Amino acid sequence: MDIILIVIGVMALLVVLFVVGMYNGLVKLRNHCDEAWSNIDTELQRRYDLIPNLVNTIKGYAAHEKQVLEEVTRLRALCVDDHGTPDHQAGTENKMLAVLGPLLARVEDYPDLKADKNFLQLQEELVFTEDRIQAARRFYNGNVRENNNKVQIFPSSIIANGFNFALREFFEIRDVRAYTTPKAEFNK
């Protein structure tokens, strides 16, 4: 009888350890996702801080782009205030990038602006920031993939459902450079 109780106790202990291990793994994934989202938020804020300077620089050279510049400013404000889900924020970001990208492409029409040191520096900073946003997005989405796998795959799905661990949304935004078409020039 003592051996049966010991076997039952050991099995119960193994089940408890299994549940604790799965729970802790899910908590770690949730925290990784939150940390990765914070990195995205930091990089997006960096972009938001660059946009007013970019708009002001362009405004000096391209006064008749006033409507587009106002739209960029309006959408930037929307993005700054958007603290919704990643999917919702991605929608807002993509709207802003759909206006900002073509505006940057139109710079080709303003040779003086293209040569302006401030504009070139801002453009370089924006490209650098876009690279960082894309890297942070990939890192976040990788963590979301791992979280979602754990939440959906058996047996961790049982623990996830029991402790209300949820699926996370991926963050899908386009790179501002994807909205601009590079010029192909062929020398004769």
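The values are calculated or read from the model by the stated rules, or taken from the named source; none is laboratory data. Since this is a predicted model, take the numbers as computed values, not measurements. When we count neighbours, we look across all protein chains shown, and the Cβ atoms used for this are built from the backbone with ideal geometry, even at glycine.
Residue by residue through the range 13-24, note down the ones that are surrounded by fewer than 14 Cβ atoms within 10 Å (Cβ to Cβ) and within 29 Å of the chain's Cα centre (by Cα).
Asn24
Starting from residues that are of a type outside the set (Gly, Ala, Ser) and in contact with a Lys or Arg (Cβ under 9 Å, 6 or more places away or on another chain), keep the ones in the range 17-36 and report whichever is nearest to Lys150 (Cα to Cα).
Only one residue fits best here, namely Leu26.
Looking at Glu93, Glu65, Glu70, can you tell me which residue is modelled with pLDDT under 90, surrounded by 16 or more Cβ atoms within 10 Å (Cβ to Cβ) and in a helix (DSSP H, G or I)?
Glu65
I need a count of the residues in the range 122-170 that are more than 20 Å from the chain's Cα centre (by Cα) and modelled with pLDDT of 90 or more.
16
Of the conditions (1) within 14 Å of Leu50 (Cβ to Cβ); (2) at pLDDT 85 or above, Leu104 clears all except one; give me its number.
The single condition Leu104 does not satisfy is (2).
Considering only residues that are buried (at least 17 other Cβ atoms within 10 Å of the Cβ) and over 17 Å from Glu43 (Cα atoms), look in the range 100-116 and name the one that is nearest to the chain's Cα centre (by Cα).
Gly101
In this structure, is Lys59 in a helix (DSSP H, G or I), within 23 Å of Val107 (Cα to Cα) and without any contact (Cβ under 8 Å) to a residue 24 or more places away in the chain? Spell out how you get there, then give the answer.
Working: in a helix (DSSP H, G or I): yes; within 23 Å of Val107 (Cα to Cα): yes; without any contact (Cβ under 8 Å) to a residue 24 or more places away in the chain: yes.
Criteria met by Lys59.
Surrounded by fewer than 17 Cβ atoms within 10 Å (Cβ to Cβ) and either under 30 Å from Val15 (Cα atoms) or touching a helix residue (DSSP H, G or I) at 6+ places or on another chain (Cβ under 6 Å) (or both): does that describe Ile153? I'd like the intermediate steps shown before the answer.
Numbers: surrounded by fewer than 17 Cβ atoms within 10 Å (Cβ to Cβ): yes; either under 30 Å from Val15 (Cα atoms) or touching a helix residue (DSSP H, G or I) at 6+ places or on another chain (Cβ under 6 Å) (or both): yes.
Taking the combined requirement at face value, the residue satisfies it.
Considering each of His83, His88 in turn, give the residue that is under 15 Å from the mean Cα position of the chain (by Cα) and not in a helix (DSSP H, G or I).
His83
Can you pull out every residue in the range 128-157 that is more than 30 Å from Tyr48 (Cβ to Cβ) and touching a residue at least 60 places away in the same chain (Cβ under 8 Å)?
Correct list: Lys150, Val151, Pro155, Ser156.
Leu120 fails exactly one of the following numbered conditions: (1) more than 21 Å from Asp82 (Cα to Cα); (2) surrounded by 15 or more Cβ atoms within 10 Å (Cβ to Cβ). What is the number of that condition?
Checking Leu120 against (1) more than 21 Å from Asp82 (Cα to Cα); (2) surrounded by 15 or more Cβ atoms within 10 Å (Cβ to Cβ), the one that fails is (2).
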